[in-house]
Amino acid sequence: MANILVCDDDKAIVEAIEIYLMQEGYRVFKAYDGIAAMHLLDTEEIHLLIMDVMMPKLDGIHATLQIREKHSIPIIILSAKSEDADKILGLNIGADDYVTKPFNPLELTARVKSQLRRYTKLGSIGSGEEADQVYRSGGLVMNDVTKEVTVDDEPVKLTPIEYNILLLLVKNQGKVFSISQIYENIWNEEAIGADNTVAVHIRHIREKIEINPKEPRYLKVVWGVGYKVDKQ
């Protein structure tokens, strides 16, 4: 079962989340500031991080920025703020999902399960026997067994969400996917207010795989329709 790190300076919130996650069989590690969270990530095998934004010593924003330099595990951001700008900021710094306080513990647990399913598919927890599947579009290569992505033979590091979005488009080259279709395929839930979420992840992918993100070679926009990867 997965190891989950919960980081929040409010110990009552951490304890409450721990109870719900332990009921699902997860092993929970606890931290109360960003520095402690980063130490645990370096010393323990953590599969998912739940990170509060406002914390002492090192806040969740700066901690996540530093964590993303070394780790690709799913990160769920917690914050008392609900404005779209704050949600976009959370995604911009490398988070995979965003939950607003006060939250329903059952919803948070469901989001944890959803993120872990994607992380498991990337081969980071456990292993399974799969036929070799390599997808190519010009210099872009995705090996869906090793979960490696290269562009012109240079390795590209993607988060689980970014990988799954790109894989969806590369496996269906030439097909245009709307924002709603991308969201429903990747998040497995109804696409309500999904525009900003998908757009942020698309931008991150382009920044990583394109020489010039403003003139993309691989991940292209079809204005008013959606996104696609062309056959090359």
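The values are calculated or read from the model by the stated rules, or taken from the named source; none is laboratory data. Remember, predicted model here, so these are calculated numbers, not experimental data. Glycine gets a Cβ as well: all are built from the backbone with ideal geometry, and neighbour counts include every protein chain shown. Accessible surface is based on the protein model in full, side chains and every heavy atom, while ligands, DNA and RNA are left aside. Shrake-Rupley method; radii C 1.70, N 1.55, O 1.52, S 1.80 Å.
Filter the stretch 32-41 down to the residues that are of a type in the set (G, A, S) and over 14 Å from I76 (Cβ atoms) and list them by number. If you could, list the steps in order and put the result at the bottom.
Kept after step one, since they are of a type in the set (G, A, S), are these residues of the stretch 32-41: 34, 36-37.
If the condition is that a residue be of a type in the set (G, A, S) and over 14 Å from I76 (Cβ atoms), then G34, A36 are the ones that fit.
Surrounded by fewer than 20 Cβ atoms within 10 Å (Cβ to Cβ) and either farther than 30 Å from M1 by Cβ or modelled with pLDDT under 90 (or both): does that describe E184? Spell out the reasoning first.
Working: surrounded by fewer than 20 Cβ atoms within 10 Å (Cβ to Cβ): yes; either farther than 30 Å from M1 by Cβ or modelled with pLDDT under 90 (or both): no.
For E184, the condition - surrounded by fewer than 20 Cβ atoms within 10 Å (Cβ to Cβ) and either farther than 30 Å from M1 by Cβ or modelled with pLDDT under 90 (or both) - is not met.
Could you please find all residues in the stretch 81-91 being in contact with a helix residue (DSSP H, G or I) (Cβ under 9 Å, 6 or more places away or on another chain), surrounded by 14 or more Cβ atoms within 10 Å (Cβ to Cβ) and not in a loop (DSSP other than H, G, I, E, B)? Break it down into steps so the answer makes sense when it comes.
Step one: filter the stretch 81-91 for residues in contact with a helix residue (DSSP H, G or I) (Cβ under 9 Å, 6 or more places away or on another chain), giving 81, 84, 87-91.
When the remaining residues are screened for being surrounded by 14 or more Cβ atoms within 10 Å (Cβ to Cβ), the result is 81, 87-91.
Residues satisfying the conditions are K87, I88, L89, G90, L91.
Return the residues of the stretch 178-223 that are closer than 18 Å to N92 by Cα and acidic (D, E); say none if nothing qualifies.
D195, E207, E210
Take the stretch 187-232 and flag every residue that is outside any helix (DSSP H, G or I), open to solvent by less than 60 Å² (accessible area, probe 1.4 Å), modelled with pLDDT of 85 or more and not basic (K, R). Working first, answer last.
Keep residues of the stretch 187-232 that are outside any helix (DSSP H, G or I), which gives 188-194, 210-232.
Subset that is open to solvent by less than 60 Å² (accessible area, probe 1.4 Å): 191, 194, 210, 213, 216, 218-219, 221-222, 226-230.
Filter again for modelled with pLDDT of 85 or more, leaving 210, 213, 216, 218-219, 221-222, 226-230.
Selection gives E210, P213, P216, Y218, L219, V221, V222, G226, Y227, V229, D230.
Select, from L49, L78, the only residue that is under 15 Å from the mean Cα position of the chain (by Cα), touching a residue at least 40 places away in the same chain (Cβ under 8 Å), within 14 Å of N3 (Cα to Cα) and open to solvent by less than 60 Å² (accessible area, probe 1.4 Å). So that I can check it myself, show each step before the final result.
Numbers: L78 fails: within 14 Å of N3 (Cα to Cα).
None of the other options fit; the residue is L49.
Would you check which residues across the stretch 194-232 are of a type in the set (V, I, T) and in contact with a helix residue (DSSP H, G or I) (Cβ under 9 Å, 6 or more places away or on another chain) and list them? Outline the logic, then answer.
First, the residues of the stretch 194-232 that are of a type in the set (V, I, T): 197-198, 200, 202, 205, 209, 211, 221-222, 225, 229.
Those that are of a type in the set (V, I, T) and in contact with a helix residue (DSSP H, G or I) (Cβ under 9 Å, 6 or more places away or on another chain): T197, V198, V200, I202, I205, I209, V221, V229.
Within the group H39, H71, which residue is over 19 Å from the mean Cα position of the chain (by Cα), without any contact (Cβ under 8 Å) to a residue 60 or more places away in the chain and open to solvent by 10 Å² or more (accessible area, probe 1.4 Å)? Explain how you work it out, then say what you get.
Values: H71 fails: over 19 Å from the mean Cα position of the chain (by Cα).
Going through H39, H71 in turn, the sole match is H39.
Considering each residue of the stretch 159-174, count those that are surrounded by 15 or more Cβ atoms within 10 Å (Cβ to Cβ), at pLDDT 90 or above and not in a helix (DSSP H, G or I), and give that number.
Within the stretch 159-174, residues that are surrounded by 15 or more Cβ atoms within 10 Å (Cβ to Cβ), at pLDDT 90 or above and not in a helix (DSSP H, G or I) number 1.
In the set A12, A16, A63, which member is more than 30 Å from V156 (Cβ to Cβ), touching a residue at least 40 places away in the same chain (Cβ under 8 Å) and among the small types (G, A, S)? Write out each step before concluding.
Values: A12 fails: touching a residue at least 40 places away in the same chain (Cβ under 8 Å); A63 fails: more than 30 Å from V156 (Cβ to Cβ).
Among A12, A16, A63, only A16 is more than 30 Å from V156 (Cβ to Cβ), touching a residue at least 40 places away in the same chain (Cβ under 8 Å) and among the small types (G, A, S).
Residues checked against (1) modelled with pLDDT under 95; (2) in contact with a helix residue (DSSP H, G or I) (Cβ under 9 Å, 6 or more places away or on another chain):
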{"position": "M1", "(1), (2)": "yes, no"}
{"position": "I4", "(1), (2)": "no, yes"}
{"position": "D9", "(1), (2)": "yes, no"}
{"position": "E24", "(1), (2)": "yes, yes"}
{"position": "F29", "(1), (2)": "no, yes"}
{"position": "T43", "(1), (2)": "yes, no"}
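Determine which member of the set E44, E24, E18 is touching a strand residue (DSSP E or B) at 6+ places or on another chain (Cβ under 7 Å), farther than 14 Å from I76 by Cβ, surrounded by fewer than 16 Cβ atoms within 10 Å (Cβ to Cβ) and of a type outside the set (S, T, Y). Outline the logic, then answer.
Details: E24 fails: touching a strand residue (DSSP E or B) at 6+ places or on another chain (Cβ under 7 Å); E18 fails: surrounded by fewer than 16 Cβ atoms within 10 Å (Cβ to Cβ).
So the residue among E44, E24, E18 that is touching a strand residue (DSSP E or B) at 6+ places or on another chain (Cβ under 7 Å), farther than 14 Å from I76 by Cβ, surrounded by fewer than 16 Cβ atoms within 10 Å (Cβ to Cβ) and of a type outside the set (S, T, Y) is E44.
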